[in-house]
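Data first, discussion second: the structure below is written as structure tokens.
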Amino acid sequence: MMNRSISPVRLSPSTPVSSSPVLNGKSNSIQINNNNNNINGATTTTTSSSYKRLYNRARQQFSFQELAGTDLTLLMEESLLIRVFQFLSYHDLFVVKRVCSRWRPLCENKDCYAGLDMQSFIHNCRYLPKAVLAAYISTLDMEGEEIDALKMVCREIPRVILPDDPSPPPQLSSSTTSTTATSTTTTTTTTSKSNGINGFLQDLSSSFNSISSLTISGGSKSNGHLRTHSSNGIHQDDTFGSLTSSNSSNGSLSSSYESPSLMSSNSSSTPTSTRTILEAMKILIKPFIFILIITENVDKETQKKEKLRREREKRMEEAIKNMERRYITELGEEEIIKESIPSLSREKAWPLLIGNDLNITPELFSIFGARAERAKQKGESSLGREGTVTLIQLDLPRTFPMLSIFQNEGPYHHKLAAVLEAYVCYRPDVGYVQGMSYLAAIFLLILDEYQAFVCLSNLLNNPCYMTFYTMNLPQMEVYMRAMDSLLQIHIPKVHRHLKEMGIQPDIFMIDWVLTIFSKALPLDVATHVWDYLFLEKETFIFQVALGILKMYSKELETGDFDQCMTLLTHLPPDIDDDELFQHIATFNIKPEQFAKLLNEKSSP
Amino acid sequence: MEEFHFKCIVTGPPCVGKSSLLLQFCEKEFSAELDTTVGVEFQSKTMELDSTYKIKLEIWDTAGQESFRSITNNYYRGAHIALLVYDITNRQSFQYLGSWLEEISQMSGENIVTLLIGNKSDHNDRRVVKVEEGERFARENNILFIETSAKDNTNVEKAFEDATRQVVKLIKEGKMVVVNKKPQTVSLNQKEDPKQQQQQKKSGCC
């Protein structure tokens, strides 16, 4: 749905947003260091042609592994991200919102919905955050009947708090304040929030660096008024450059530092010139510091979280250096239940946690890769369920379609195909079963092909997953009965209500077990679940399932058949990680307990 | 206005557009980027038929892969409508419809209304299954037939209307009973005579 005046920047690998050089931590030439003190980021030679070359190389090198976690966006300030998000259509915002927990509040920031009018409201009401809906309706000055009419159009309206409701309307996105993002003041205030006043100037300098490096796309687009001419349709490759130059020149300080910033972006800038600019900015910014003092307290919390995250990353890094599975396990036990493994550490932590009991070697992987090629040619006449290899192609583009990287021309298309095809030939008795592509895809977001194959094979080599992937009905029934009795013991009200309506666990559990929640939960929540799953084995799946049911116990106790079924087969896209894990933590099911339960259930 | 409550199951080979049909019917939307259905998904929609009946449809969208058939078979129980979908641009999806049909009648009551849907009719240039072939198959097996496009929203609503109209007709003729109770989902390994499930309950039927 492209009913916004701005051409939407899709979250697809071919667009500059996702593949911009700045986002590429691995490209030496245009590297932006995450360290706030670093001001070398601007030492880029920036003639238009060399930029193109660097840019293309960066695009090739761009690591989607970083896109998978939150790392990509850690390089960018929140205010900058909001600006990027402002260019998305409402539907895309709705999609992008699901990518990670950091993006979600940003996508719900009211600034992303500044241009909302009646027409786009009606077209997009399904995608708009409730807070935005409420705010918009309150501006309409409507009578009860008119609102009733509007309810016919928009099913979400009954669920939002309407303006005449006595309770206060929900706050818009908490983390990014209500100041308008179009003024540089916001940039400064939000920047300051992460590091306090002392860090503020450094922060600013780093974000300034990113800005100046982002704007290296050349002088032709020196003017930042993208909004005014974007409706004519900007060439996609240019969008990001223009977009960021708008960031540097749109603000209230724009007239003062627009020219230096453009200077740095058009001619080759040196660290010295950047410093000069920073000096100039320090003077200009002084009047705004008082605003910072006000807002500083608000985000001590965020600051603390960030610090903790860094610490965890460091500890995890040390654990990995020791390369001892046991050590990680011990470290993990207490930490992961609360916090997930830092996304950068997963690449090393996951293979260690899963292990390689099957002793799979790179040679084995390539042998099965070659065999898969033959199986594809033979088609249906091949051994066992090897024929299912042909089905993989159908499912690749339908795996995490919102990430757009497994699509037919996507950069991860072949990798995903390779891993799955090798697995099918490795286990022709299991073959390819729908749902498997999600598991392989998650591994590929974190690991390389070989590692992903090792992890997938070892993970599936487990009685629980084997039961489900081989569709062993009698044994699946045992797991379902176990789930049923867990539900009865721990959340009896929900159990009773679901039972009354004839909703049995298999309705939701099959999807949840087969994809290990990667389809049902937002990506970041799912990977967090996976972190812990590798420690606790399959018992944790049932614990998470209980957690989800508990989280929605209110709806599941009172809802009718349709509501419960819809909820269970389509979980809301905005599940909060912390909230879910709080609920999960209320259940403590030991693997031995669960094994006993299974044993009981298997004897009729 | 007379009210009915029908259970409808959408089935057919993988990647023929089952979920897309539903999305178009329930939300008036098309997306080329839909997730694979794993297991079963549920939707409900209330529609009006010929401005005389108000029909609530409970739609069960099933996974298409062969492996899932043993599971999804259990969801046929108590269904009034089965939509069997194939892809007109994919010969393979049309080839084995016979076995699908067999399963539908085996797992549900005899009176289930089956509608054969040839989807992706917007890709007429890539068509490999002729309209006549679909029609012939439907005639031979005494089921309804329609070609749709979930992308262009061609015939999507008509498909559901045709099927529900047929159910209403059967009910009016006394050939079908409608269970207004929520259809029970069943345990995976249970093998019961599906006909037993067709208990009658008061509703607008005779």
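The table below lists the values:
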read-out	value
Test: residue in the stretch A:576-587 that is among the small types (Gly, Ala, Ser), touching a residue at least 40 places away in the same chain (Cβ under 8 Å) and closer than 17 Å to A:Ile507 by Cβ	no
Residues located in the stretch B:38-75, provided they are more than 8 Å from chain A (Cβ to nearest Cβ), among the hydroxyl-bearing types (Ser, Thr, Tyr) and part of a helix (DSSP H, G or I)	B:Thr72, B:Tyr75
Residue list for the stretch A:580-594, filter: buried (at least 17 other Cβ atoms within 10 Å of the Cβ) and closer than 14 Å to A:Ile541 by Cβ	A:Leu580, A:Ile584, A:Phe587, A:Ile589, A:Phe594
Residues that are aliphatic (A, V, I, L, M) and in contact with a Ser or Thr (Cβ under 7 Å, 6 or more places away or on another chain), drawn from the stretch A:360-376	A:Ile360, A:Ala375
Any hit, the stretch A:394-411, residues being within 18 Å of A:Gly369 (Cα to Cα), in contact (Cβ under 8 Å) with a residue 24 or more places away in the chain and within 14 Å of chain B (Cβ to nearest Cβ)	yes
Leading residue by the ranking (nearest to the other protein chains (Cβ to nearest Cβ)) among those in the stretch A:419-464 that are crowded, with 24+ Cβ neighbours inside 10 Å, of a type in the set (Gly, Ala, Ser) and farther than 22 Å from B:Ser70 by Cα	A:Ala441
Residues that are assigned to a helix (DSSP H, G or I) and more than 20 Å from A:Glu373 (Cβ to Cβ), drawn from the stretch A:413-453	A:Tyr438, A:Leu439, A:Ala441, A:Ile442, A:Phe443, A:Leu445, A:Ile446, A:Gln451
All positions within the stretch A:503-545 that are hydroxyl-bearing (Ser, Thr, Tyr) and within 14 Å of chain B (Cβ to nearest Cβ)	A:Thr515, A:Ser518
Conditions (1) at pLDDT 85 or above; (2) in contact with a helix residue (DSSP H, G or I) (Cβ under 9 Å, 6 or more places away or on another chain): number failed by A:Arg374	(1)
In the stretch A:483-502, residue nearest to A:Gly355 (Cα to Cα) [restricted to those that are under 32 Å from the mean Cα position of the chain (by Cα) and within 14 Å of another protein chain (Cβ to nearest Cβ)]	A:Met483
Filter pass, B:Phe6 being away from every other protein chain (no Cβ under 11 Å) and either under 16 Å from B:Leu83 (Cα atoms) or touching a His at 6+ places or on another chain (Cβ under 9 Å) (or both)	yes
Scan of the stretch B:58-89 for residues that are among the acidic types (Asp, Glu) and either in contact with an Asp or Glu (Cβ under 9 Å, 6 or more places away or on another chain) or within 22 Å of A:Glu477 (Cα to Cα) (or both), ordered by number	B:Glu58, B:Asp61, B:Glu66
Within the stretch B:1-31, tally of residues that are in contact (Cβ under 8 Å) with a residue 24 or more places away in the chain and farther than 19 Å from A:Asp560 by Cα	21
Residues located in the stretch B:16-37, provided they are crowded, with 22+ Cβ neighbours inside 10 Å, of a type outside the set (Lys, Arg) and within 13 Å of chain A (Cβ to nearest Cβ)	B:Val16, B:Gly17, B:Ser19, B:Ser20, B:Leu22, B:Thr36, B:Thr37
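Residue by residue, here is whether (1) hydrophobic (A, V, I, L, M, F, W, C); (2) modelled with pLDDT of 95 or more; (3) closer than 22 Å to A:Tyr469 by Cα holds:
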residue	(1), (2), (3)
A:Lys499	no, no, no
A:Gly502	no, no, no
A:Leu521	yes, no, yes
A:Asp524	no, no, no
A:Thr527	no, no, yes
A:Asp531	no, no, yes
A:Glu536	no, no, yes
A:Phe540	yes, no, yes
A:Ala545	yes, yes, yes
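The values are calculated or read from the model by the stated rules, or taken from the named source; none is laboratory data. None of these values were measured; they are calculated from a predicted model. Neighbour counts are summed over all protein chains in view; Cβ atoms, including those assigned to glycine, are modelled from backbone coordinates with ideal geometry.
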